[in-house]
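Any read-out appearing in this document is the output of simple, stated calculations on the displayed coordinates, not a laboratory observation. Just so you know, these numbers come straight off a predicted model, no measurement behind them. A quick note on method: Cβ atoms are made from the backbone with ideal geometry, for glycine too, and the neighbour counts reach across all protein chains shown.
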Amino acid sequence: MDIQEQNIAAKFDAVEEPSRARLLALRDLIFDVAKDLPEIGELLETLKWGEPSYLPSKKCVGTTVRIGPSKLKDYAVFVHCQTTLIDDFRHMFPDEFHYEGNRGIHFSVDEPLPEDQLRLFIANALTYHLK
């Protein structure tokens, strides 16, 4: 999928390989999950806190999902720290992810992306306020 906004594309371009490829794959996964969630409306792509961010166009439906380089590992997915998403997933998948407090899940480029669990995480984030 093409990145329409130059400022967002520039954020990905600034990340070194192989993390850039993994972030772009994570971006594709977010769009793939969103297309099966008609209740969120269109998926919006923007920059928040200087990172590529994804949120439902419909108001009061979900929370923003941000992706970017990680200080703890190679790359990460972040959600609003006042949600219960990270805590919920820490209980469901205690050993599958490297968690940061209540806001992030960090990944290494040397490890396979746990796609099935991440699909669930992304769907739960994009529909967070519907639960």
Full-stretch length increase - HIS98, ALA9 - with 0.36 nm per residue and alpha-carbon distance subtracted: 29.4 nm
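When Lys and Arg each count +1 and Asp and Glu each count -1, what net charge do the other residues less than 14 Å away from ASP32, Cβ to Cβ, add up to?
Working: positive: ARG27, LYS35, ARG119; negative: ASP28, ASP36, GLU45, GLU115, ASP116.
Around ASP32, the surrounding residues sum to -2.
Determine the alpha carbon to alpha carbon distance for each of LYS35/LYS58; LYS71/LYS131; LYS11/LYS58 and list only those over 21 Å. Don't skip to the answer; put the middle values down first.
Details: LYS35/LYS58 14 Å; LYS71/LYS131 31 Å; LYS11/LYS58 25 Å.
Result: LYS71/LYS131; LYS11/LYS58 exceed 21 Å.
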Quick one: if you stick a label point 7 Å off each Cα along the C-beta vector at THR84 and ASP36, how many nm between them? 2.4 nm
Counting only the backbone N, which residues of the range 21-48 are under 14 Å from the spot 7 Å out from the Cα of VAL109 toward its beta-carbon? 21-26
Using Cα centres only, tell me the gap between the range 1-59 and the range 86-104 in whole Å. 21 Å
Under the Karplus relation 6.51 cos²θ - 1.76 cosθ + 1.60, θ = phi - 60°, what is the ordered set of whole-Hz ³J(HN,Hα) values for the range 45-55, x standing for Gly and Pro? 10, 8, 10, 9, 6, x, 10, x, 9, 9, 8
